[in-house]
2 protein chains.
Amino acid sequence: MKLLIVGSVAYDTVKTPFGRRERILGGSATYCSVAASYFTDVAVLAVVGEDFREEDRAVFEEHGIDTRGLRMHPGGKTFHWQGEYGYDLNEAHTLKTDLNVLGAFEPELPESLRDIPYLFLANVDPRSQLRVIEQCRKPKIIAADTMNFWIDNRRKDLMEVLSRIQLLLINEGEARQLSQEFNLVRAARKILSWGPKMLIIKRGEYGVLKVTPNDIFATPAYPLESVFDPTGAGDSFAGGFMGHLAVSDSLSADHIRHAIVMGNVLASFNVEDFSLGRLGSLKKEDIENRYQAFRRLTQFGEA
Amino acid sequence: MKLLIVGSVAYDTVKTPFGRRERILGGSATYCSVAASYFTDVAVLAVVGEDFREEDRAVFEEHGIDTRGLRMHPGGKTFHWQGEYGYDLNEAHTLKTDLNVLGAFEPELPESLRDIPYLFLANVDPRSQLRVIEQCRKPKIIAADTMNFWIDNRRKDLMEVLSRIQLLLINEGEARQLSQEFNLVRAARKILSWGPKMLIIKRGEYGVLKVTPNDIFATPAYPLESVFDPTGAGDSFAGGFMGHLAVSDSLSADHIRHAIVMGNVLASFNVEDFSLGRLGSLKKEDIENRYQAFRRLTQFGEA
């Protein structure tokens, strides 16, 4: 099944203990759609500015991503994020956010993209997320991400989003902030009572926790000797997860687990280099091998 | 195989967001030996004061623990620790440490305990750990824990300990502090180069990472809806782990994985109540059921 990803396409200026890069291709829709493209047909809905480079548009096309929804906003500049990480790569310190064309982003879904059955709404204003939901004619599965800013400042709209989606993917701190519960299992139960059938809690280098009313699944993250840049890890996770889900077209507990591990696999590649340095050039067997490595990392038998 | 546990027996005064308890039975050797007693024959080597209650000594005996090495120091008082936890139960805030009889603890292994093949040296002064190692005649497996204070203040003795043990069990922060490496995989490789064949890194609510030269195993912790008191979780983990290892008497990668999960299982019970409230009254089927729950929590198939 085809997957539509709505989010940001950005230029990032990133500093980590291992290097610095200026205005490299980034953004939630970028990481997510490239990760998902290894599994299923993907379309992207995002806005860029006049400064958006031809070679960066080509990256999407090389991955077979449908870019009819990747619109250029005349007279504007592409969203720019500047941040840095210390040795604790779990936490980004934002130095600068130039919203540019993203500030006035009113997503308008081209007619040709309105029947896509799988929908992932990356972290954008909940009002934009609702607007997209209303434009989709036959959504089968809607998943969304969000962030602390929207939890604080758009709570009412966000609650409306929650009532209309099946899957919510957020990080640990956001789950606590949204639910006002410190214990994650309680936090998850409360959030599930607001609409979503499933909550995926991203815990950075500690992995992922999935909670549904009847099942909890936990995986660690893949322990890497060299992590270069964690930017986009959560979005790559979402892409691998949603891509695998869309292609298997099943929400069975087993398929969900496979999809979560695929999300981990894609995120683990993403952090091995800046931008799409590693994520953008994967082979089928790279993904398969790391999935197997993930099984060796985590599996155990009867005592 | 029989397991000898060397560590502290303490009275703890603990406050968590869920309650407060005064002078309850605690200490690394207590949690560890009770957890291990569900799997194998256990002997304990520790010192207590004149104030040590008969009912607390009885706890060890009810679990079939050999207390010939649990010595009372005349004229002294039992080690007392006072601490509290906020909602982030991963971090204890120590309010008071009265070493009392532990300050002058010079472990002297009774003749009858010198041939025990499995040895766990909980977190005590590395000089005491070395003293015990020298008193053991036929150690087959020696495992040890340590803490930030000894890493800072007894580094030379600790390095000598590392050269004489097979397994080191420490927490994430200690692994970084000891190795001076932030990345945990690098940290583990460096520590393994100093002697131990295996490093077990405890990550609190995030689980456990095991690193040997040829294998990495990662498990999450069991996600609980009610965590009452995390005191002793690491020691309960060590007890379940070492107890299962001693009874299977094998260091095969599979047995190590089972033992780590058993450690997680015992730790998950421990945090459900203060002191030995839950850990002290487990049935065989409680342990088996949670081991199975752990499999359901973490296992997944081929994609």
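Out of (1) open to solvent by less than 20 Å² (accessible area, probe 1.4 Å); (2) more than 14 Å from chain A (Cβ to nearest Cβ); (3) within 30 Å of residue A:210 (Cα to Cα), what's the single condition that is false for residue B:201?
Of the numbered conditions (1) open to solvent by less than 20 Å² (accessible area, probe 1.4 Å); (2) more than 14 Å from chain A (Cβ to nearest Cβ); (3) within 30 Å of residue A:210 (Cα to Cα), the odd one out for residue B:201 is (2).
Testing residue B:191 on (1) more than 13 Å from every other protein chain (Cβ to nearest Cβ); (2) among the hydrophobic types (A, V, I, L, M, F, W, C); (3) more than 24 Å from residue B:131 (Cα to Cα), one condition comes back false. Which one is that?
(3) is the only condition that residue B:191 fails.
If residue A:223 satisfies all but one of (1) within 11 Å of chain B (Cβ to nearest Cβ); (2) out of contact with any helix residue (DSSP H, G or I) (no Cβ under 7 Å at 6 or more places or on another chain), what's the number of the condition it fails?
(2)
Give B:25, B:102 a once-over and let me know the one that is of a type in the set (A, V, I, L, M, F, W, C), over 29 Å from residue A:182 (Cβ atoms) and surrounded by 21 or more Cβ atoms within 10 Å (Cβ to Cβ).
B:102
Restricting to the range B:70-93, name every residue that is among the aliphatic types (A, V, I, L, M) and within 13 Å of chain A (Cβ to nearest Cβ).
B:89
Testing residue A:170 on (1) surrounded by 17 or more Cβ atoms within 10 Å (Cβ to Cβ); (2) more than 19 Å from the chain's Cα centre (by Cα), one condition comes back false. Which one is that?
(2)
Select from the range B:83-94 the residues that are open to solvent by 70 Å² or more (accessible area, probe 1.4 Å) and in contact (Cβ under 8 Å) with a residue 24 or more places away in the chain and write down the one among them that is nearest to residue A:181 (Cα to Cα).
B:87
Could you please let me know if residue B:23 is in a strand (DSSP E or B), modelled with pLDDT of 95 or more and in contact with a His (Cβ under 8 Å, 6 or more places away or on another chain)?
So residue B:23 passes the test.
In a loop (DSSP other than H, G, I, E, B) and of a type in the set (Val, Ile, Thr): which single residue out of A:30, A:40 fits that description?
When all the criteria are applied, what remains is A:40.
Check off (1) out of contact with any His (no Cβ under 8 Å at 6 or more places or on another chain); (2) modelled with pLDDT of 95 or more for residue A:49 and give me the number that stays unchecked.
(1)
Would you mind telling me which numbered condition in (1) facing another protein chain (nearest Cβ under 9 Å); (2) out of contact with any Ser or Thr (no Cβ under 7 Å at 6 or more places or on another chain); (3) farther than 17 Å from residue B:39 by Cβ residue B:288 fails?
Residue B:288 satisfies every listed condition except (3).
Could you tell me which of the residues A:234, A:207 is within 11 Å of chain B (Cβ to nearest Cβ), of a type outside the set (Phe, Trp, Tyr) and within 25 Å of residue A:274 (Cβ to Cβ)?
One residue alone meets the criteria, A:207.
Name the residue that is nearest to the chain's Cα centre (by Cα), counting only residues in the range A:105-142 that are more than 29 Å from residue A:75 (Cα to Cα) and surrounded by 23 or more Cβ atoms within 10 Å (Cβ to Cβ).
Per the criteria, the residue is A:119.
The values are calculated or read from the model by the stated rules, or taken from the named source; none is laboratory data. Everything numeric in this text was worked out from a predicted model, so none of it was measured. Heads up, the Cβs are rebuilt from the backbone with ideal geometry, glycines too, and the neighbour counts pull from every protein chain shown. Calculation scope for accessible area: heavy atoms of the full protein, side chains included, ligands and nucleic acids excluded. Shrake-Rupley method; radii C 1.70, N 1.55, O 1.52, S 1.80 Å.
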